[in-house]
Amino acid sequence: MKNHKISIMLSFALMFITGLTFAQRNDLQYYRYNDQRGINVFETSKDDTVQFDGIKVRVGGDFNLQFQGLSQTNSGDSLTELSNNFNLPSANLNLDVQLDDGLRLHMRTYLSSRHHTEAYVKGGYIQIDKLDFVKPGFLAGVMQYTTIKVGMDDINYGDTHFRRSDNANTIFNPFVGNYLMDAFTTEPFAEVTVQNAGFLGVVGFTNGRLNQSPTPGDDGFVFYGKVGYDKQMNDDLRFRLTGSLYTSSDKSTRDYIYGGDRAGANYFKVLDGGDFAGRVNPGFGYQTAIQINPFVKFKGFEFFGVYELANNGNSDIGGNYTQLGAEALYRFGGKEQFYAAGRYNSVTGNKTDAALDEEIARFNIGGGWFMTQNVMAKLEYVNQTYDGAAYDGTLYQGAEFNGIVLEATIAF
């Protein structure tokens, strides 16, 4: 009954918004398109190419369906046998509203997700690229380079979150799964981004909490930042290199940077069968992490890399993890509507200095087809392995899963 009421309310809200706008217009300012045009977009551009002519509401969505054919094994032959079948379909509802000149709202609702059976708001934010709502031309010389974002949503640490699947929004991810250490969380945040002549810098703060409550004594905070260079060198070559920092205080448990995705992982029922199985969460109470990401696009060829370190903030206990990742893609066709790709991703580390080593590796190879700008299909082969003394005598000793996954997505 509860889910039925939520569906009714969402339907009425959608009809109300649609009635207000009648004909939906896509020309929002400083916006990443939710389709093929959003591929390889990181921070939104400061190019002022859209004239403000009143409030605009853009209603969008994402729909995703997977067919999974995976098998798995471990040293004790104790893992559940998987069947070849469809996974739970997922869906998002997206609202993007141009409120004023240079002032935009984004909100995303998970209508269907693996980990939660009910519809719920994933998060949202206000993005400010001009301060004309204060008075015309206010700090225009500063704002031509500056973007301010405030809300409770994804924070801009690292570049992997720009290429990940966000529940049903899988069109930006050339593969099915996200990175093993998935740096993604939805927290209350405020961040400032400055971009000029290819150089960029980000400074942001959050309280580090996924679930909010005014708990006495829980006054910790997180600082994060990014510096980088992103330049279209010529018609054929684009180069980007960024380095990001995330550091949390010791006032309370703040381990959500690698455990903040409430939608669940994209490989279903693997290993222990949990909704997040297949990912690696260091689980440190507080930590310092860095992520370095090179990106190169030369004509149809793309390379994206990940070097990431996460260290336990409690030096008395210790523990650290290292993540490596490399993607190579080739896009082809008149509109680059086809691609072939491969990815290697590994994580090594230990939860404390006294703990034994963990080694996890994943290899993906596959390809995709944008049937239209908004409709995409991809097929991949995935192989993930577990090694290291930390897994001896556990379900993960000698564990491995592999096979194919076919994914279809619609995004608009």
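Brief remarks on what is shown
- Once backbone amide H atoms are built at 1.01 Å from N, residue 412 has 61 as its partners under 5 Å, excluding neighbours fewer than 5 places away on the same chain.
- Residue-by-residue Karplus 3J(HN,Hα) for region 262-274, coefficients 6.51, -1.76, 1.60, Hz, glycine and proline x: 8, 7, x, 7, 9, 9, 8, 6, 7, 6, 7, x, x
- In order along region 188-203, the phi-based Karplus estimate (6.51 cos²θ - 1.76 cosθ + 1.60, θ = phi - 60°) of 3J(HN,Hα) comes to x, 8, 9, 9, 10, 10, 10, 10, 7, 6, x, 7, 9, x, 10, 10 Hz; Gly and Pro are listed as x.
- Accessible surface of the chain [probe 1.4 Å, protein heavy atoms]: carbon and sulfur percent: 61
- Taking label positions 7 Å along the Cα-Cβ direction at both residue 144 and residue 78, the computed distance is 6.6 nm, reported to one decimal.
- Partners for residue 378 among lysines (Cα-Cα distance below 19 Å; same-chain residues under 8 apart left out): 335
- Peptide packing for 151-158, 265-272 was compared via the average number of neighbouring C-beta atoms within 10 Å per residue; ordered from the highest value, the list is 151-158, 265-272.
- Extent along principal axes [Cα atoms of region 273-412; Å; largest to smallest]: 57, 30, 25
- Accessible surface calculations at 1.4 Å, restricted to protein heavy atoms, place region 84-226 at 36 Å² per residue.
- Entries in 231/299; 56/297; 149/351; 130/251; 226/269 that, when Cα-Cα distance is taken, lie over 26 Å: 56/297; 149/351; 130/251; 226/269
- Cα→Cβ-extended label distance, 7 Å offset, between residue 134 and residue 236, nm: 4.6
- Based on DSSP H segments of at least four residues, each scored -39500 (n - 2.57), the chain has a per-residue ellipticity at 222 nm of -2000 deg cm²/dmol.
- Projected label points at residue 353 and residue 251, each 7 Å from Cα along the beta carbon direction, are separated by 2.8 nanometres.
- Added length on full extension, which subtracts the Cα-Cα distance from 0.36 nm per residue, residue 332 to residue 118: 73.1 nm
- Relative to the current alpha-carbon distance between residue 59 and residue 395, full extension at 0.36 nm per residue lengthens the span by 116.5 nm.
The values are calculated or read from the model by the stated rules, or taken from the named source; none is laboratory data. Keep in mind that this is a model prediction, so the values were computed, not measured. When we count neighbours, we look across all protein chains shown, and the Cβ atoms used for this are built from the backbone with ideal geometry, even at glycine. When the accessible area is computed, the model is the full protein with side chains, heavy atoms only, and any ligands, DNA or RNA have been set aside. Shrake-Rupley method; radii C 1.70, N 1.55, O 1.52, S 1.80 Å.
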